[in-house]
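Working notes for the structure below.
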Amino acid sequence: MSETILKVNNIHKSYTTGKESFEALRGVSLSLEQGEMLAVMGSSGSGKSTLLHILGAMDAADEGEIRLNGELRKDYGTEPAATRIRAEQIGFIFQDFNLIQDLTVEENVALPLMLAGEKNRVIWEKTDQMLEKVGILDKKKNAVTELSGGQRQRVAIARALITEPKLLLADEPTGNLDSKSSTAVIEAFLNAKSQIKATIFMVTHDAFAASYADKVIALKDGIVFGEL
Ligand code: ADP
Ligand code: MG
């Protein structure tokens, strides 16, 4: 039996601008098992990023239940719990990589461990191991500006995985990449799944990336309307 990492039920979220209220999510339910990769597809404005922000404890749902590791968390999207959940349980990957330009490859990857107050020896040992897993150990002393898009995204994946989060959330991870680089990113995800049983929630427009997922769902107007 696999373990359910995250289970959400009947999530609603509205945005209010002036007098106008818009319901971006209208009752979303889904679950993620350990080691599973779920892809969420859907046209622009369908609510994909809103859902990712809620699952990532970056925003609170208006309604609905969120269970993390089997535990109902009413505090999921609210501080101070949200910060702890983000730091301890979740790794994030974005379309534009969000790396720190002034740091080297290894410094970017080591950063979350430094912030967690880990011992120096442990930091550099784990960083090397992670860089090896995503296939860019030979670039560790390079500036991130010297890397290709695909290599940068692999640095971002290594940084997201270094704290061994339960859940990896990726918003259009191959959105800015050519097909060769996209393949490298997908390979890094598949390695993370097999080697550390990473659980991956990936928002994507890219049918190629989605084809590697264990499960693909489609969002339309804030509703999951089917498993593809
Ligand atoms: P997607 O990622 O699928 O393109 P989003 O989740 O970003 O969709 O947006 C869903 C809907 O919610 C869109 O109609 C968008 O305009 C609206 N929306 C998103 N964020 C906000 C916000 N901060 N304020 C108001 N409306 C928003
Ligand atoms: Mg989006």
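Regarding the stretch 13-34, can at least one residue be identified that is open to solvent by less than 70 Å² (accessible area, probe 1.4 Å), under 25 Å from Tyr212 (Cα atoms) and within 16 Å of ligand 2 (Cβ to nearest atom)?
Yes - at least one qualifying residue is present in the stretch 13-34.
Kindly indicate which of Thr127, Thr104 is out of contact with any Gly (no Cβ under 7 Å at 6 or more places or on another chain), of a type in the set (Ser, Thr, Tyr), open to solvent by 20 Å² or more (accessible area, probe 1.4 Å) and modelled with pLDDT of 95 or more.
Thr104
Could you list, in sequence order, all residues of the stretch 207-228 that are acidic (Asp, Glu), away from ligand 2 (no atom under 16 Å from the Cβ) and not in a strand (DSSP E or B)?
Asp214
Pairs please, first residue from the stretch 167-192 and among the polar types (S, T, N, Q), second anywhere and within 14 Å of ligand 2 (Cβ to nearest atom) and open to solvent by 20 Å² or more (accessible area, probe 1.4 Å), Cβ atoms under 8 Å, 6+ apart in sequence or on different chains.
Taking only residues 6 or more apart or on different chains, the pairs are Thr174/Asp206; Asn176/Gln95; Asn176/Asp96; Ser182/Asp206.
Mind listing whichever residues of the stretch 41-74 are over 16 Å from Leu169 (Cα atoms) and within 13 Å of ligand 2 (Cβ to nearest atom)?
Gly42, Ser43, Ser44, Gly45, Ser46
Would you be able to say whether some residue in the stretch 75-94 is assigned to a loop (DSSP other than H, G, I, E, B) and within 26 Å of Asn191 (Cα to Cα)?
No, there is no match, as no residue in the stretch 75-94 is assigned to a loop (DSSP other than H, G, I, E, B) and within 26 Å of Asn191 (Cα to Cα).
Take the residues in the stretch 1-60 that are within 9 Å of ligand 1 (Cβ to nearest atom) and part of a helix (DSSP H, G or I), then tell me which one is nearest to Phe189 (Cα to Cα).
Ranking the qualifying residues of the stretch 1-60, first place goes to Leu52.
The values are calculated or read from the model by the stated rules, or taken from the named source; none is laboratory data. Since the structure is predicted, the reported quantities are computational estimates derived from the model, not experimental observations. Using ideal geometry, Cβ is built from the backbone for each residue, glycine included, and neighbour counts are taken over all protein chains shown. With ligands, DNA and RNA removed, areas are computed over all heavy atoms of the protein, side chains included. Shrake-Rupley method; radii C 1.70, N 1.55, O 1.52, S 1.80 Å.
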